[in-house]
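Asks: One structure, as structure tokens, below. Some questions next.
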């Protein structure tokens, strides 16, 4: 069966400038440019954001703590020559948490990148690792912040505090009957 | 890679006693299971079933309410309803994503919905017949869903639990806007009161059925509880719901269509009458008032959209070749 | 401002609000029926934005007319008959297929951005402020539309055919977009002149269409009616949108 739902892209969001990016989820999109628009529409229906990144799912190397625990994956990683590239490193640091940006490394391939990241982050419990090349990311532009991310600021009706139902119920109960 | 295919992982899922013990120990410690981790085949299967069913419910659930966006009686209500139905699309989107991490594609899931191989919540096979249904769905139906979702936000599978945390956060306004409308209509003009009572009479029993069969008739439950997917049973959640809703609705002067409903002073619970399980199973099997229309609407959107999805895929392929 | 200007500007703003509200109505009809889930969400965002813009324009009109800011917008939306609406015909046309809906939005949004650029400079402060907010959102709308244009125009034979058909059907309704709005003649310095927006719109639109292999029809029969004339579709639209409100005239929601 042919898949007509388009490829998947990971979406990351930065709430405030300078803070780490956090994983949001995925969107289906026909291409990278559309995935940024879809990421905005799906994940920013509530404020706020400073930046949004999209990355094709197949560009991400992922390993869990369980997959790494017996050390066999790590020993299997070969030294590689070839051109160096920069990789983003994301990790899940808490049971309940999302993956978040924890660093950047230079390496000759994704596996070497993860290996380097693991030695740099030693002593830290990382439940899930993701690495992907910096070149695979499409990021929103600083100039687009107003038009991409501010539309939901006036959506006060999405807060439950907008609906004074507790007070309303109390008043009705105090009246005893309608 | 993220979300290996189901076939790739099968060989690793021989019910290896050592792996099973380690898996159950992780769940007992409160760790989250993540894509890539070892998991029993049955755990994966149950999660795909539950999450995709849940996603389908969000998508089909857009239809009964969506029909009233264009008829909402004030601009404020129109805005709220539009944003709410949009949220449901978003929640379906998050949930399909969570299921995709288990190795099933969205295409496959959509196909299963459209061929009737997958189920969705029964409640959306009932019609929306007046504006008061919108408030009722918000307060009662979303209220019932939130009880389930709050439980699932703590479930053992990481992507499902994270999707649920997000959904719960967003859903809270759905319930409150519904409650506000029920309050206003029940205290409003005679014709508003009349439509409100009509809505509550029609939706009360179907809402109670949303929690699913009695614990004694729910074959998956013990396993789901053991593996930290569910932490509370259908009957427990249903009783909590009745305890919460019945006194509030009665305080508003609304009548609930159950002569056996009363507060049990000994247990502190609201006792209620027997649920019509014949109706429940009839609707599950496709014979509800709106099953055919709901599926026809989904199929039409899917079929009408095919040329669009194909066009964009063709364009992307051509661009990729050029670069 | 003096009363005469107030009344003129209010009329102008109500016409802008009518455009937005009717377009929002049409876009919201896609919610639950779009070609792919991501677009259910994207189109709903557009509809939410337009609805918000309509309310903003109606509220400004309420202030100018010394009406209740809460109730006046609902009065305009729910208790006017078709002959009292001032939207362009383009926005009330039924949705048709996805090509028609995407293209209609695009043609309309490019004009909106041009108009808002002028309104941001308005000598009437509250109008300039509202325009600045709306402008940001409309920039995104145009970006969304411009992303779709080449993808559908160049995608497959079928998508190209549907887009060109939609363009042929929509084009006759575009001259009406550049008629002076109600009240506009007395508002120099407060609002940009609408006929003055046409040249810029045409340059941009024709270029974008060309890069998507789409061409405006050479011969078309312009449907350049005054804004006081509505399509028959508008009757159906209003009988749906007003049915609950009108059946319960004295109710609060």
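Just so you know, all these numbers are worked out from the coordinates, no wet-lab data involved. These numbers come from a predicted model, not from an experiment. Here the Cβ positions follow ideal geometry from the backbone for every residue, glycine too, while neighbour counts run over all protein chains shown.
Asks: Tell me the angle of helix C:198-211 to the major Cα principal axis of chain C, expressed in degrees between 0 and 90 and rounded to the nearest ten.
Replies: Computed tilt is about 30 degrees.
Asks: Continuing with the same structure: Any chance you could get the radius of gyration and Dmax over the Cα atoms of chain A, in Å?
Replies: Gyration radius and largest Cα-Cα distance of chain A: 21.5, 81 Å.
Asks: Okay, next question. Quantify how strongly other chains surround peptide B:178-187 by giving the mean number of their Cβ atoms within 10 Å of each of its Cβ atoms.
Replies: For this peptide, the per-residue mean of nearby foreign Cβ atoms is 4.
Asks: Additional query: From the square roots a ≥ b ≥ c of the eigenvalues of the alpha-carbon gyration tensor of segment C:113-253, which class results: rounded (a/c under 1.5), prolate (a/b over b/c), or oblate?
Replies: Oblate shape, in that a/c is at least 1.5 and b/c is the bigger or equal ratio.
Asks: Separate question: What relative contact order, as a whole-number percentage, does segment C:3-247 give when Cα pairs under 8 Å and 6 or more residues apart are counted?
Replies: After rounding, I find 26 percent.
Asks: Let me ask another. Roughly speaking, what % of Cα-Cα pairs in segment B:36-138 are separated by over 25 Å, rounded to a whole number?
Replies: 30
Asks: So how do A:53, A:130 line up by other beta-carbon neighbours within 10 Å, fewest first?
Replies: So the ranking, lowest neighbour count to highest, is A:53, A:130.
Asks: A further question on this structure: Rounded if a/c is under 1.5, else prolate if a/b beats b/c, else oblate: with a ≥ b ≥ c from the C-alpha gyration tensor eigenvalues square-rooted, which is chain B?
Replies: Cα axes put chain B in the oblate bin.
Asks: Turning to a different aspect of this structure: Using a 10 angstrom cutoff on alpha carbons, build the Gaussian network for chain A and name the most mobile of A:68, A:32, A:138.
Replies: A:68
Asks: When only C-alpha pairs under 8 Å and at least 6 residues apart count, what is the relative contact order of segment A:8-175, in percent?
Replies: About 25 percent, as a whole number.
Asks: Counting pairs of Cα atoms in segment B:133-288, how many percent are more than 29 Å apart?
Replies: 22
Asks: Measuring from centroid to centroid over Cα atoms, what is the spacing of segment B:259-274 and segment A:129-178 in Å?
Replies: 38
Asks: Quick one: order C:243, C:234 by neighbouring beta-carbon count within 10 Å, fewest to most.
Replies: Ordered from fewest to most neighbouring Cβ atoms within 10 Å, C:243, C:234 come out as C:243, C:234.
Asks: In the calculated pair distance distribution of segment C:130-185, what percentage of Cα-Cα distances lie above 18 Å?
Replies: 59
Asks: Tell me whether the protein assembly as shown comes out rounded, prolate or oblate; compute the Cα gyration tensor, take square roots of the eigenvalues as a ≥ b ≥ c, and use a/c under 1.5 as the rounded threshold.
Replies: Cα axes put the protein assembly as shown in the oblate bin.
Asks: Could you state the angle between the C-alpha long axis of helix A:165-175 and the longest principal axis of the C-alpha atoms of chain A, as a value from 0 to 90 degrees rounded to the nearest 10?
Replies: For helix A:165-175, the angle is close to 30 degrees.
Asks: Output the relative contact order of chain B, whole-number percent, from Cα pairs under 8 angstrom with separation of 6+ residues.
Replies: 17
Asks: Please report the spacing between the Cα centers of segment B:125-199 and segment A:17-65 in Å, no decimals.
Replies: Cα centres, segment B:125-199 to segment A:17-65: 29 Å.
Asks: For segment A:93-133, what number results from the quotient of the Cα radius of gyration and 2.2 N^0.38 Å?
Replies: Working it through for segment A:93-133, the quotient is 1.15.
Asks: Order by neighbour count: B:303, B:248, fewest other Cβ atoms within 10 Å first, most last.
Replies: The most exposed by this proxy come first: B:303, B:248.
Asks: Here's another thing I want to ask about it. What is the mean number of Cβ atoms from other protein chains located within 10 Å of the Cβ atom of each residue in peptide B:96-107, rounded to a whole number?
Replies: Partner-chain Cβ atoms within 10 Å, mean over residues of B:96-107: 4.
Asks: Taking only the C-alpha atoms, wrap a convex hull around chain C and report its volume per residue in Å³ as a whole number.
Replies: Hull volume normalised by residue count: 125 Å³.
Asks: Average partner chain C-beta neighbours within 10 Å, per residue of A:119-130?
Replies: 1
Asks: Can you give the Rg/Rh ratio of segment C:1-106, where Rg is from the C-alpha atoms and Rh is the Kirkwood radius?
Replies: Reported Rg/Rh (Cα atoms, Kirkwood Rh): 1.04.
Asks: Hey, in the GNM for chain B with a 10 angstrom Cα cutoff, which one of B:153, B:163, B:17 fluctuates hardest?
Replies: B:17
Asks: For the ranges C:180-187, B:169-176, what's the packing order if you count other beta-carbon atoms within 10 Å of each residue, average per peptide, and put the highest first?
Replies: Taking the mean over residues of other Cβ atoms within 10 Å, the ranking is B:169-176, C:180-187.
Asks: Expressed as an acute angle from 0 to 90° and rounded to the nearest 10, what is the orientation of the C-alpha long axis of helix C:98-119 relative to the principal long axis of chain C?
Replies: Approximately 50 degrees, to the nearest ten.
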